[in-house]
1. Out of (1) polar (S, T, N, Q); (2) surrounded by fewer than 20 Cβ atoms within 10 Å (Cβ to Cβ); (3) within 16 Å of the ligand (Cβ to nearest atom), what's the single condition that is false for residue 70?
2. Could you go through the range 67-84 and let me know if any residue there is closer than 22 Å to residue 340 by Cβ, among the aromatic types (Phe, Trp, Tyr) and over 19 Å from the mean Cα position of the chain (by Cα).
3. Using the structure shown, decide if residue 265 is of a type outside the set (Asp, Glu), modelled with pLDDT under 95, more than 19 Å from the chain's Cα centre (by Cα) and within 22 Å of residue 345 (Cα to Cα).
4. Give 340, 319 a once-over and let me know the one that is farther than 24 Å from residue 374 by Cβ and buried (at least 18 other Cβ atoms within 10 Å of the Cβ).
5. Taking the range 345-374, which residues are among the aliphatic types (A, V, I, L, M), under 20 Å from residue 290 (Cβ atoms) and surrounded by fewer than 19 Cβ atoms within 10 Å (Cβ to Cβ)?
6. Kindly indicate whether residue 89 is near the ligand (Cβ under 9 Å from one of its atoms), out of contact with any Cys (no Cβ under 7 Å at 6 or more places or on another chain) and either in contact (Cβ under 8 Å) with a residue 60 or more places away in the chain or under 22 Å from residue 323 (Cβ atoms) (or both).
7. Can you pull out the strands (runs of 3 or more DSSP E) entirely within the range 83-183 that have at least 3 residues that are farther than 28 Å from residue 350 by Cβ and not hydrophobic (A, V, I, L, M, F, W, C)?
8. Considering every residue within the range 127-146, establish whether at least one is surrounded by 14 or more Cβ atoms within 10 Å (Cβ to Cβ), of a type in the set (D, E, K, R) and on the phi < 0 side of the Ramachandran plot.
Amino acid sequence: MNNPIDNHLNKIISQKGDLLFSDFMDIALYHDQYGYYNKQNSIFGAKGDFITAPIASSFFGESISNEFINLSSEIKNASILELGGGDASLAISLLKRLEEEDSLPVTYIIIETSKQLKTLQKNNIKKLIPNLAHLVKWQKDLSEKSFEGLIIANEFFDALPSERFKYSSEGLKMSYVSSIDHQLSEIWKEPTEEFKNEFVLATDNMDIKFSENYISELNLHYSTWVNKINKALERGICIITDYGYNNKEYFLEDRTEGTLVCIYNHKANFDPLYKIGEQDISTFVNFSHLSKISENIDMDVCGYLTQYNFLINLGILNIFENKKFDDKEKHIELNRLKNILLPNAMGELFKVLILKKNINSQLLSTKEFNHLHKL
Ligand SMILES: C[S@@+](CC[C@H](N)C(=O)[O-])C[C@H]1O[C@@H](n2cnc3c(N)ncnc32)[C@H](O)[C@@H]1O
């Protein structure tokens, strides 16, 4: 017997035909009733499926607060806008520290699509920073109003529904989800014009030799979101942190099955049709692709660093050293810090892309170890 989300997908496919992989992923993750991000169980933390940097350690958000303070010297009434708020850990750590530093933003906007996560964010903010809750506002999407300040997207772009492609002697094909005798399966069909154009942009000037039946991903939502950020941002910076690679590493010869990864109960698998609606599905971020899109518009791509280098530039070690902990707390906090900094944890796999617009200040986060040439 199929479960409700399988039945829903089978019904759509029987009515409208095979689903583009990204449309399948959108339903699997974000359907109001059955999508993973709207399910009732916990998603984040030890009891959930995965942990992100702001949840792993409050020093992630506290460090980013230093860049906001730096930016505020040029933009007097700066705000913060976060794409995809998770459990609100980033908002809470940022606002707490900015209050201590007497540098609160005018508003803190969270763009969140999941109703369930919006409720979780509201509850956590009310519980943990009740005196600052009035600063936080929610929006379903970016508005085209002039925003001034800091936009931050942590593990947002990996969660956007992606396309998959297969390269073979028969040419480029795109992944669709089909239904045969009520069983969902992945099939490969001719690419759309939009996909072909984006593929050319993403792989332009690259000497890539795809082996026969090479599978990888290309995300058409990158363009939508970078353009929305560009329209919304009048003056300020956008920090994008995520696990991912530059083009060369993304389309590595040996990475023949792509970067798509599913997580269920802290265990990874590579089958998006397994436990649909109950497991997370994401793809590694192609930072070269994001950078090419940004260069084509008014955004100035000004930083590309590992998460380790980014946090070191922001003074994470000083923040840690200046905290007053007892021995037990220090041990716990140090382990959390290691989780976001060390190369074998999140320190190197996670990268940071920084975009700026109409800003003259020297950014703290890009002052050293900036590897823009690698994009
Ligand atoms: C992997 S989680 C990361 C959460 C948080 N940034 C963190 O680091 O803990 C992805 C977040 O992006 C949100 N999201 C995904 N697509 C979205 C969209 N189109 N609009 C707004 N939020 C979205 C999800 O609901 C979720 O809050």
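The values are calculated or read from the model by the stated rules, or taken from the named source; none is laboratory data. In this text, all values refer to a predicted model and were calculated from it rather than measured experimentally. FYI the Cβ positions are ideal-geometry reconstructions off the backbone, even for glycines, and counts take in every protein chain you see.
1. Condition (3) is where residue 70 drops out.
2. The answer is yes, given that some residue of the range 67-84 is closer than 22 Å to residue 340 by Cβ, among the aromatic types (Phe, Trp, Tyr) and over 19 Å from the mean Cα position of the chain (by Cα).
3. So residue 265 passes the test.
4. On inspection, the qualifying residue turns out to be 319.
5. Across the range 345-374, the qualifying residues are 349, 359, 372.
6. Considered against the rule, which asks whether it is near the ligand (Cβ under 9 Å from one of its atoms), out of contact with any Cys (no Cβ under 7 Å at 6 or more places or on another chain) and either in contact (Cβ under 8 Å) with a residue 60 or more places away in the chain or under 22 Å from residue 323 (Cβ atoms) (or both), residue 89 comes out as yes.
7. In the range 83-183, 171-180 are the strands (runs of 3 or more DSSP E) which contain 3 or more residues that are farther than 28 Å from residue 350 by Cβ and not hydrophobic (A, V, I, L, M, F, W, C).
8. There is no residue in the range 127-146 that is surrounded by 14 or more Cβ atoms within 10 Å (Cβ to Cβ), of a type in the set (D, E, K, R) and on the phi < 0 side of the Ramachandran plot.
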